[in-house]
Each structure stands twice: as C-alpha cells, then as structure tokens.
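All remarks here apply to the structure that follows.
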Amino acid sequence: MQINSAFDSGNIIVTAIEGTSATLEIRKDKDSDFYQWFHFRVSGAKGQQVTLKITNAGGSAYPGGWPDYQARVSDDRQDWRCAETRYEGGELIITHTPAEDAVWFAYFAPYSMERHFDLVQRIARAPGVALVELGQTIEGQAMDCLQMGTGPVQVWLYARQHPGESMAEWWMEGALEWLISGDPAAERLRSKATLYIVPNMNPDGSCRGHLRTNAVGVNLNREWAEPSADRSPEVLCVRNAMDETGVHWAMDVHGDEAIPANFIAGFEGIPNWTDDQGERYHAYRNALAAHTPDFQTEIGYPISTPGRANLTMSTNQLANRFAHMGCVSMTLEMPFKDHASNSDAERAWSTERCKKLGVDCLVVLEGMIEGESLNV
C-alpha cells in the first residue's frame with residue numbers, strides 16, 4: 001500500500017505503513033500551528049480493508065470537529081461519500097475497502113485550483129460578465145473577481161478566506177452557475193444589483209493544503225482592519241476594491257468544523273450599528289430559514305456585546321465601514337459534518353447541497369432587495 005499527498009491541496013505525513021494499516025499525521029499550515037485539513041491518495045490496496053489512523057487529530061485546531069464526523073472518500077475524484085470514521089483517544093481512525101487501485105480521502109470534497117480556473121474561465125465567458133484581476137497573492141496567484149449586473153445595489157460575495165473550507169467554493173460554483181443560467185430570478189437580481197464575486201480569497205493556502213492561513217501563516221479573516229501588502233495582499237486588494245464601489249450587501253462564505261448545521265453570523269457589536277442594518281440582517285436570515293430546510297437559526301456563534309465586535313474580521317469591518325450605506329454583511333457557515341436537522345447518511349453535507357445553498361442564498365437576496373432605498 002502506498003500513500004501520497006504531493007498534489008494540489010494535498011496534506012498528510014506518513015509515519016508508518018504495515019500491510020494495509022497506516023499511521024498518519026496532518027501537516028501544519030506553513031509558519032502556523034493551525035492544522036486539520038487532510039487530502040491524500042491510497043493506492044495498491046484494491047479489495048482489501050485499509051485502516052488509516054491520524055494520530056495527531058486530538059491536537060488539531062478544532063478537535064471538537066472530530067466527534068460524529070465522517071471522512072470523505074472517492075474512487076473517481078468526482079463523487080465523495082462518507083467513509084467509516086471514528087474518533088478515539090485523540091486519533092481519527094478511517095476504515096475503508098477500496099474498489100479501485102487508487103482511492104482518495106479528504107476532510108471535505110476538495111476544490112482544486114484547476115477547477116477554480118475552469119470555473120472562472122467558464123463564467124467570465126458568459127454574456128454580461130467581466131473578469132477583473134484585483135491583485136495578486138504573496139506567491140503571485142491572481143485574485144480573481146467576476147463582475148456582473150447593472151443595478152445600483154452593490155453586492156460582494158467572497159469565499160474561502162480559510163482555504164481548507166472547500167465547501168465555500170462549491171457554494172460559489174452553484175451561485176455563479178445560477179447567475180448566468182437565465183433563470184428569471186437571476187435575471188432580476190442582475191438588473192437590481194451589481195455583483196462582485198471572489199470565488200477564492202486564498203489561492204496560495206488552497207494549493208498548499210492549508211486549513212486556515214495563506215502562504216506566510218496569516219489568517220486572512222483577522223486582517224480586515226489593517227491589511228498589508230507583505231502579510232495579506234489578498235485582503236488589501238479586495239478591501240480597496242470595496243472602498244471604490246461601496247457595499248450594500250456582503251456575504252463571506254465559510255465552513256465550520258464543529259457545528260453540524262448551516263447558519264449565519266452577523267455583525268452585532270459594531271460601533272456604527274444601526275437598527276436598520278440589524279432589522280434587514282435578521283429579515284434575511286429568517287427568510288433563508290423559511291426558504292430551505294438546509295438552513296436554520298437555532299444554533300450558531302455567540303453574539304458580540306455592543307461596541308465589542310472584532311473589526312479585524314471581514315463581516316464586522318464591512319458592516320461598520322459601510323454603515324452609512326446601510327451595509328448588511330454576513331458570514332455564512334456550512335458544516336464539515338452534516339446539517340443534522342436534514343441529514344444525508346451517505347454523503348453528509350455534500351458538494352451538490354453546497355451548490356444548491358448558493359442558489360437559495362441568492363434567490364432570497366433577490367427578494368430582499370426589492371424596492372430598497374439606497375444610501376450612497
């Protein structure tokens with residue numbers, strides 16, 4: 001049996017292989033102590049049960065993510081299903097019998113940089129869509145932004161500040177495909193709003209197989225107050241573009257390791273809070289819960305107390321920075337586990353459900369901005 005992770009978004013360290021059993025460790029993000037994302041290939045064990053023990057799981061960034069979690073496995077790198085997984089004594093233990101000569105395991109279904117390039121190229125070729133390179137990452141990768149729509153409402157959608165949260169770019173794929181589909185609601189949204197969409201905020205970390213940071217170990221979602229060219233050029237170029245356009249609505253798309261649900265975190269606690277912002281935020285969240293069983297409002301993150309919001313995080317920074325425009329910014333979180341109240345034993349929270357939620361979020365947004373009076 002062989003195990004390999006020397007590829008785009010690959011991450012695993014092999015400490016020992018004995019027959020069809022292996023002990024493994026997840027590699028830390030470069031210049032950081034964060035780790036949890038894994039992605040590797042097992043070959044040479046077709047038809048034999050393999051046992052894979054990730055021995056440093058207990059020391060990962062979010063050990064609360066392991067109980068009730070199921071690793072993802074694929075024979076074709078397209079369809080990702082749940083592998084038999086258990087968490088015992090700080091070890092994550094995966095057992096599986098490969099049906100092919102090679103089988104792939106990951107923390108969640110990966111979204112490769114090649115797929116990202118294909119997505120950007122495909123969407124950019126659609127009528128009425130422009131591709132703008134806002135800047136470059138530390139390692140020189142393009143910060144791609146897809147712009148579309150002709151309306152006065154300025155909408156920013158951005159994903160994958162934390163690169164291991166690959167569900168965020170699957171959400172983006174669904175949202176972007178719907179926006180160019182000709183669906184009447186999509187056409188209405190594009191007539192009401194101008195949309196700026198960044199499918200991947202952290203290409204370097206994505207390619208490196210990081211969980212949470214960029215190429216120099218920086219958590220981009222703690223850089224929004226004072227981004228810099230040397231630490232966080234990814235945030236700097238996007239925030240500069242937002243300053244040029246203004247922001248009425250924004251959604252930052254993520255994944256959460258521990259909470260088995262889809263939920264939204266808002267901007268309670270910002271110094272510039274207005275009741276209008278809060279009312280529109282809650283109206284959006286409630287409308288999304290009414291629209292789809294794959295979203296709920298009962299569980300989520302604690303709410304900041306007044307005036308104590310962390311302005312280094314994008315959602316808080318944008319709502320505060322553009323409060324004069326009535327900006328409603330949100331962090332959408334999706335699970336690595338499953339959406340427990342609407343679960344799928346075979347695939348858990350899957351790529352197709354990510355894509356569908358992307359559509360649902362924009363359908364609800366289209367209804368919310370009907371007849372909005374705008375501040376500029």
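The values are calculated or read from the model by the stated rules, or taken from the named source; none is laboratory data. Only a predicted model underlies this, so the values are computations on that prediction, with no experimental measurement involved. Glycine gets a Cβ as well: all are built from the backbone with ideal geometry, and neighbour counts include every protein chain shown. Protein only, heavy atoms only, side chains kept; ligands, DNA and RNA dropped before computing areas. Shrake-Rupley method; radii C 1.70, N 1.55, O 1.52, S 1.80 Å.
Only Cα pairs under 8 Å and at least 6 apart count here; give the relative contact order of the stretch 1-105 as a rounded whole percent. It would help to have the intermediate numbers written out before the result.
Working: 231 pairs, mean separation 29.2, N = 105.
Here the relative contact order equals 28 percent.
List the residues of the stretch 205-222 whose backbone N lies under 18 Å from a point placed 7 Å from the Cα of Asp118 along the Cα-to-Cβ direction.
Hits in the stretch 205-222 for Asp118 at 18 Å: 207.
State the extension gain, in nm to one decimal, for the chain segment bounded by Ala258 and Ile299, taking 0.36 nm per residue of separation less the distance between their alpha-carbons. Don't jump to the answer; show the numbers that get you there.
Working: separation 41, 0.36 × 41 = 14.76 nm, distance 1.17 nm.
Result for the pair: 13.6 nm of gain on full extension.
In whole percent, and with a 1.4 Å probe on the protein chains, what portion of the accessible area of the stretch 256-318 is carbon and sulfur?
Values: 1600 of 2930 Å².
After summing per-atom areas, the C and S share lands at 54 percent.
To check you understand DSSP bridge types, tell me what percent of the beta bridges within the chain (both residues inside) are antiparallel, rounded to 5.
On the way: 42 of 65 bridges.
Bridges in the chain are about 65 percent antiparallel.
May I ask which residue of Tyr284, Ala250, Thr213 lies farthest towards the positive end of the charge dipole of the stretch 201-289, with charges of +1 (Lys, Arg) and -1 (Asp, Glu) on Cβ and the Cα centre as origin?
Checking the options against the dipole of the stretch 201-289, the answer is Thr213.
Could you name the aspartates and glutamates whose alpha carbon sits less than 18 Å from that of Lys53, not counting residues in the same chain fewer than 8 places away?
Once the sequence-local aspartates and glutamates are set aside, what remains near Lys53 is Glu18, Glu25, Asp68, Glu84, Glu88, Glu91.
At 1.4 Å probe size, with no ligands or nucleic acids counted, give the accessible surface of Ile180 in Å², nearest ten.
My reading of the accessible area for Ile180 is about 60 Å².
Sorted by accessible area (1.4 Å probe), largest first, how do Tyr69, Tyr87 line up? Walk me through the intermediate numbers first.
Working: Tyr69 5, Tyr87 70 Å².
Ranking Tyr69, Tyr87 by accessible area, largest first, yields Tyr87, Tyr69.
Between Glu346, Glu25, Glu234, where does the largest GNM mean-square fluctuation fall for the chain, given springs only between Cα atoms within less than 10 Å?
Taking springs between Cα atoms under 10 Å, the residue moving most is Glu346.
Roughly how many Å² of Lys46 are accessible to a 1.4 Å probe, to the nearest 10?
Counting only protein heavy atoms, the figure is 110 Å².
Could you tell me which label, among (i) 1.20; (ii) 0.98; (iii) 1.37, carries the value of Cα Rg over 2.2 N^0.38 Å calculated for this structure?
(ii)
Evaluate the distance, in nm, between pseudo-label points positioned 7 Å from the Cα of Val132 and of Ala340 along their respective Cα→Cβ axes.
4.2 nm
Can you list residues whose amide H is under 5 Å from Thr97's amide H, if they're 5+ apart or on another chain and H is modeled 1.01 Å from N?
Under 5 Å from the amide H of Thr97: Val50.
Using the Cβ atoms and a cut-off under 15 Å, what net charge is assigned to the surroundings of Ala57, where Lys and Arg are +1 and Asp and Glu are -1? Numbers along the way, then the final one.
Numbers: positive: Arg27, Lys28, Lys53, Arg86, Lys337; negative: Glu25, Asp33, Asp68, Glu88, Glu91, Glu257.
Charge balance near Ala57 sits at -1.
Working out 0.36 nm times the residue gap between Asn310 and Glu187, then minus their Cα-Cα distance, what length gain in nm do you get to one decimal?
On the way: separation 123, 0.36 × 123 = 44.28 nm, distance 3.59 nm.
Answer, rounded to one decimal: 40.7 nm.
Taking a probe of 1.4 Å, how large is the accessible area per residue of the stretch 187-279, in Å²?
Values: 2670 Å² over 93 residues.
With all protein chains present, the stretch 187-279 gives 29 Å² per residue.
Run down the lysines and flag those whose C-alpha is under 29 Å from the C-alpha of Lys46, throwing out any fewer than 8 positions away in its chain.
Reachable lysines: Lys337.
Within the stretch 137-285, what percent of beta bridges assigned by DSSP are antiparallel, to the nearest 5? Intermediate values should be presented prior to the final figure.
Values: 3 of 14 bridges.
Roughly 20 percent of the beta bridges in the stretch 137-285 run antiparallel, per DSSP.
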